[in-house]
Amino acid sequence: MNKLKNKNILITAGPTWVAVDKVRVITNIFGGALGSIIAQKAKETGAKVTLLMGPGRAILPKESKNFRIIKFKFYDELLDLIKKEVGSKKYDIVIHSSAVADYKPVIAKEPKIKSGKKELIIRLKSTAKIVDLIKKLDPKIFLVKFKLEVNLTEKQLIDVAYRSMMVSKADLIVANDFKTVIKSHKAFIIDPSRKIIILNGKEAIAKKLFEVIESKI
């Protein structure tokens, strides 16, 4: 029995931009490949899927009756989309895989910072954690969070991810280490009981993720 058929699933993927001035942005290296594969797997379950896609490089599934794509570029756009979409209370599941900016300039210079400076200092401030808003907007939603860390042992990664899951009140978390993301992409799916599933490869991660979700909803 496919418990995900006709469920409403919201997926975020790709990077976010924050503006330095009218023509320059700060972003990250991620292209949204895993999020795109997750969206395709969600589509194959027969669910009604909405993909919020940042300015990445991933090849996206084609839109259809039950699969729509809303593109955004900037952090503030994603924040507004989450407030609107999750706040609508129409979603059963949110999979938040987007690589969201943690910092943004205190002041975005307008319209363009002049070139030729020997030194340029840009002050940054932390952004609000979008993932932490999701359960506040809709406590009944099934939330999957993603966590990326750098140069941790597997135990450290799992411990950090587990604490992060608790903070966001997520129902699952997918933990990744940067050094494997750009190679074989080893990941850990962790649930609140601290059960851990180890996977290798984006296709395997996406497929297993939906198996786990289906077993828990």
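Taking the criterion of being of a type in the set (Val, Ile, Thr) and either more than 18 Å from residue 131 (Cβ to Cβ) or out of contact with any helix residue (DSSP H, G or I) (no Cβ under 7 Å at 6 or more places or on another chain) (or both), the residues of the stretch 52-78 that qualify are 59, 69.
The set of residues in the stretch 169-180 being closer than 23 Å to residue 151 by Cβ, free of Cβ contacts under 8 Å to residues at least 60 places away in the same chain and under 16 Å from the mean Cα position of the chain (by Cα) consists of 173, 175, 176, 177, 178.
Please state which of the following conditions residue 104 fails to meet, knowing it meets all the rest: (1) under 30 Å from residue 188 (Cβ atoms); (2) basic (Lys, Arg); (3) in a helix (DSSP H, G or I). Status for residue 104: all satisfied but (3). Please return the ranges of strands (runs of 3 or more DSSP E) entirely within the stretch 1-79 where 2 or more residues are closer than 20 Å to residue 203 by Cα and in contact (Cβ under 8 Å) with a residue 40 or more places away in the chain. Result: 8-13, 48-53. Inside the stretch 1-42, residues that are crowded, with 20+ Cβ neighbours inside 10 Å, within 17 Å of residue 91 (Cα to Cα) and out of contact with any helix residue (DSSP H, G or I) (no Cβ under 8 Å at 6 or more places or on another chain) make up a count of 2.
Apart from one condition, residue 125 fits all of (1) surrounded by fewer than 13 Cβ atoms within 10 Å (Cβ to Cβ); (2) over 30 Å from residue 24 (Cβ atoms); the exception is (2). Within the stretch 167-188, the set of residues being among the hydroxyl-bearing types (Ser, Thr, Tyr), part of a helix (DSSP H, G or I) and farther than 16 Å from residue 95 by Cα comprises just one member, 180. Within the option set 164, 193, 215, being out of contact with any helix residue (DSSP H, G or I) (no Cβ under 7 Å at 6 or more places or on another chain), outside any helix (DSSP H, G or I), of a type outside the set (Phe, Trp, Tyr) and without any contact (Cβ under 8 Å) to a residue 24 or more places away in the chain holds for one residue only, 193. Looking only at residues in the stretch 80-101 that are assigned to a strand (DSSP E or B) and among the β-branched types (Val, Ile, Thr), which one is surrounded by the fewest Cβ atoms within 10 Å (Cβ to Cβ)? By that ranking, first place goes to 93.
One line per residue, one yes/no per condition, for (1) at pLDDT 95 or above; (2) among the β-branched types (Val, Ile, Thr):
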| site | (1), (2) |
| --- | --- |
| 127 | yes, yes |
| 138 | yes, no |
| 172 | yes, no |
| 177 | no, no |
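For the stretch 135-158, indicate whether the set of residues that are part of a loop (DSSP other than H, G, I, E, B), touching a residue at least 40 places away in the same chain (Cβ under 8 Å) and touching a Leu at 6+ places or on another chain (Cβ under 6 Å) is non-empty. No: zero hits. Number of residues in the stretch 80-132 that are small (Gly, Ala, Ser) and in contact (Cβ under 8 Å) with a residue 40 or more places away in the chain: the value is 7.
The values are calculated or read from the model by the stated rules, or taken from the named source; none is laboratory data. Since the structure is predicted, the reported quantities are computational estimates derived from the model, not experimental observations. In this analysis, Cβ positions are derived from the backbone assuming ideal geometry, glycine residues included, and neighbour counts consider all displayed protein chains.
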